[in-house]
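Here the structure comes first, spelled out in structure tokens, and everything after it is commentary.
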Amino acid sequence: MESLRTRFLKTYVSVPLSYRDEIIAIVQINGKDRPVSWAAAYIEVLNSTQQGKEILKRMNELNLLGGD
């Protein structure tokens, strides 16, 4: 099974440029709900931050990562 990170990156490249600034999920970061765009998620996931891990988890729950 592909990792969530790989699935995210594959999904991200298929998102049109004009949609990458759109909010895709609300993720709890440091105890607060934060809106996350594709672009912000990409930076966090690419850098393997703790926030990136939370974003991946939430996006997976919302079935936003395509494939299985």
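No lab work stands behind these numbers, since they all come straight from the coordinates. Note that this is a predicted model, so its numbers are computed, not measured. Neighbour counts are summed over all protein chains in view; Cβ atoms, including those assigned to glycine, are modelled from backbone coordinates with ideal geometry.
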Which cross-chain or sequence-distant (5 or more) residues have an amide H under 5 Å from the amide H of A25, H modelled 1.01 Å from N in plane? V36
Relative contact order (%) - criterion: Cα under 8 Å, at least six apart; region: the chain: 35 percent
Could you derive backbone 3J(HN,Hα) for the range 48-55 from the dihedral phi with the Karplus parameters 6.51, -1.76 and 1.60 (θ = phi - 60°), listing whole Hz in sequence and x where the residue is Gly or Pro? 6, 7, 4, 4, x, 5, 5, 4
How far apart, in nm, are the 7 Å Cα→Cβ label points at I43 and E22? 2.1 nm
Starting with the fewest neighbours, write out E54, E22 ranked by other beta-carbon atoms found within 10 Å of each beta-carbon. E22, E54
What are the ³J(HN,Hα) values, in whole Hz, obtained from phi via the Karplus relation 6.51 cos²θ - 1.76 cosθ + 1.60 with θ = phi - 60°, for each residue of the range 12-28 in sequence order, with x given for Gly and Pro? 4, 5, 8, 7, x, 3, 5, 9, 5, 8, 6, 6, 10, 6, 10, 10, 7
Per DSSP H run of n ≥ 4, the term is -39500 (n - 2.57); total these for the chain, divide by its residue number, and report the mean residue ellipticity at 222 nm rounded to 500 deg cm²/dmol. -14000 deg cm²/dmol
